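Following: one structure in structure tokens, then a few remarks.
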Amino acid sequence: MRAAVLHRPGELAVEDVAEPTVVGDDLLVRVRAASICGTDLRIFKHGHFKLRDGQPRVLGHEVAGDVVAAGPRVTGFHPGTRVTVTPNVGCGRCDMCRHGYNNMCPDYEAFGISIDGGFQELLRVPGFAVQRGNVFAIPDGVSYAEAALVEPFSCCYSGQRGLRVGPEDVVVITGAGPIGAFHVLLGKLAGARKVIVSNRGRPRLDLAARLGADVCVGVREQDLAEVVREHTGGRGADVVITAVSDPQVQAQAAELLAPHGRLNYFAGLGAARTIPLDTNAVHYKGLTLTGTTGSTNGDYGRCLRLVGERRADLSPLVSEVFPLEKIHDAFDYASSGAGMKAMVACHGDPHATTSDPAPAEGR
């Protein structure tokens with residue numbers, strides 16, 4: 001079968017590899033859609049601490065496909081089942097896992113990092129991932145492409161869950177890329193009174209407006225703080241979410257908040273990068289500052305249900321589809337910031353909502 005294998009940072013090749021076999025509780029999934037995440041781009045450029053130098057790995061953790069084979073001990077999934085997979089597999093034993101935070105497990109395994117991911121024709125889902133609840137059936141009517149996007153959507157849901165967005169809130173989202181777009185959808189779904197989105201480029205702001213953003217701010221032409229004051233009567237925003245890895249943007253974020261405002265530092269800044277923070281403002285204004293990374297399996301299940309009930313439409317975020325053989329073009333597109341999500345299609349149409357009629361029974 002064909003797979004895009006990262007051999008070391010900057011060296012990615014589509015090549016023939018052996019087809020995986022399944023035993024015990026394993027599943028074998030024919031990949032129908034795998035979208036490219038900023039994490040994939042960082043690992044491609046810089047590697048990952050869980051990958052030793054020269055260790056080959058198939059990237060891709062936003063994945064959906066069809067089960068083509070199931071180990072003899074698997075229950076609940078069978079050939080033909082359309083499935084999607086959450087990437088972070090907790091150990092199941094630590095305090096974080098026992099409290100339901102598989103994404104915070106200190107000994108996690110992850111598809112596309114320590115386990116081969118979705119940029120290949122067939123994905124082996126090891127039994128421990130099946131046992132720990134990382135595999136979900138795709139609801140009827142949801143395309144493979146949308147199902148693949150549930151992973152980043154659920155990460156945004158995790159970030160907003162702690163902010164308690166409600167109908168009285170003015171929400172500011174800095175950054176109108178895919179993550180900012182997911183936050184727009186969630187803010188509107190939560191009933192926010194007004195959603196303000198800022199970005200440098202206009203095309204992404206135009207999409208944010210189509211997704212429901214009430215105010216779109218081009219920061220090259222407008223001052224975001226001034227716009228926030230204008231739309232809040234000088235009070236400031238109730239919620240701010242940073243969806244761009246920019247130190248200047250993140251340093252300004254707390255200054256945009258009203259008294260008792262809530263902030264989520266969603267985007268990270270990378271190693272050894274810090275921002276100045278006025279702790280007096282945090283103290284006297286009673287601000288709440290939060291940070292989140294990834295999502296729990298519970299968050300993922302809730303978001304998959306939202307998409308399955310058509311309360312959230314993720315399809316507008318798929319801007320380009322590339323065959324596996326053109327993985328380099330897909331990475332270049334994802335790095336360019338020209339569109340939204342780049343989708344890699346390994347089998348058939350990623351926008352399909354049904355599996356092929358006769359999947360293989362095993363391999």
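The values are calculated or read from the model by the stated rules, or taken from the named source; none is laboratory data. All figures in this text were calculated on a predicted structure; none of them were measured in a lab. Cβ placement follows ideal geometry from the backbone for every residue including glycine, while neighbour counts extend to all protein chains displayed.
Somewhere in region 126-134, is a residue touching an Asp or Glu at 6+ places or on another chain (Cβ under 8 Å) and aliphatic (A, V, I, L, M)? Yes, because at least one residue in region 126-134 is touching an Asp or Glu at 6+ places or on another chain (Cβ under 8 Å) and aliphatic (A, V, I, L, M). Note on region 170-226: among residues that are crowded, with 19+ Cβ neighbours inside 10 Å and either free of Cβ contacts under 8 Å to residues at least 12 places away in the same chain or hydroxyl-bearing (Ser, Thr, Tyr) (or both), the one that is nearest to GLN160 (Cα to Cα) is THR174. HIS260 satisfies every condition listed in (1) modelled with pLDDT of 95 or more; (2) loosely packed, with under 15 Cβ neighbours inside 10 Å; (3) not in a strand (DSSP E or B) except (3). Just so you know, in region 257-275 the residues that are of a type outside the set (Val, Ile, Thr) and in contact with a Pro (Cβ under 9 Å, 6 or more places away or on another chain) include one that is nearest to TYR157 (Cα to Cα), and it is LEU269. Restricting attention to region 204-246, the residues being under 21 Å from the mean Cα position of the chain (by Cα), on the phi < 0 side of the Ramachandran plot and not charged (D, E, K, R) number 13. Restricting to region 120-169, name every residue that is touching a helix residue (DSSP H, G or I) at 6+ places or on another chain (Cβ under 6 Å) and either surrounded by fewer than 22 Cβ atoms within 10 Å (Cβ to Cβ) or over 27 Å from ASP214 (Cα atoms) (or both). If the condition is that a residue be touching a helix residue (DSSP H, G or I) at 6+ places or on another chain (Cβ under 6 Å) and either surrounded by fewer than 22 Cβ atoms within 10 Å (Cβ to Cβ) or over 27 Å from ASP214 (Cα atoms) (or both), then GLY133, PHE136, ILE138, PRO139, VAL142 are the ones that fit. Of all residues in region 79-103, those that are in contact (Cβ under 8 Å) with a residue 24 or more places away in the chain and either aliphatic (A, V, I, L, M) or touching a His at 6+ places or on another chain (Cβ under 6 Å) (or both) total 4.
The set of residues from region 1-56 being of a type in the set (Val, Ile, Thr) and surrounded by 15 or more Cβ atoms within 10 Å (Cβ to Cβ) comprises VAL5, VAL14, VAL17, VAL22, VAL29, VAL31, ILE36, THR39, ILE43. All of (1) in contact with a helix residue (DSSP H, G or I) (Cβ under 7 Å, 6 or more places away or on another chain); (2) touching a residue at least 12 places away in the same chain (Cβ under 8 Å) hold for ILE115 with one exception: (1). With the checklist (1) at pLDDT 95 or above; (2) under 27 Å from MET340 (Cβ atoms) in hand, flag the one item THR232 doesn't pass. In the conditions (1) at pLDDT 95 or above; (2) under 27 Å from MET340 (Cβ atoms), THR232 misses (2) alone.
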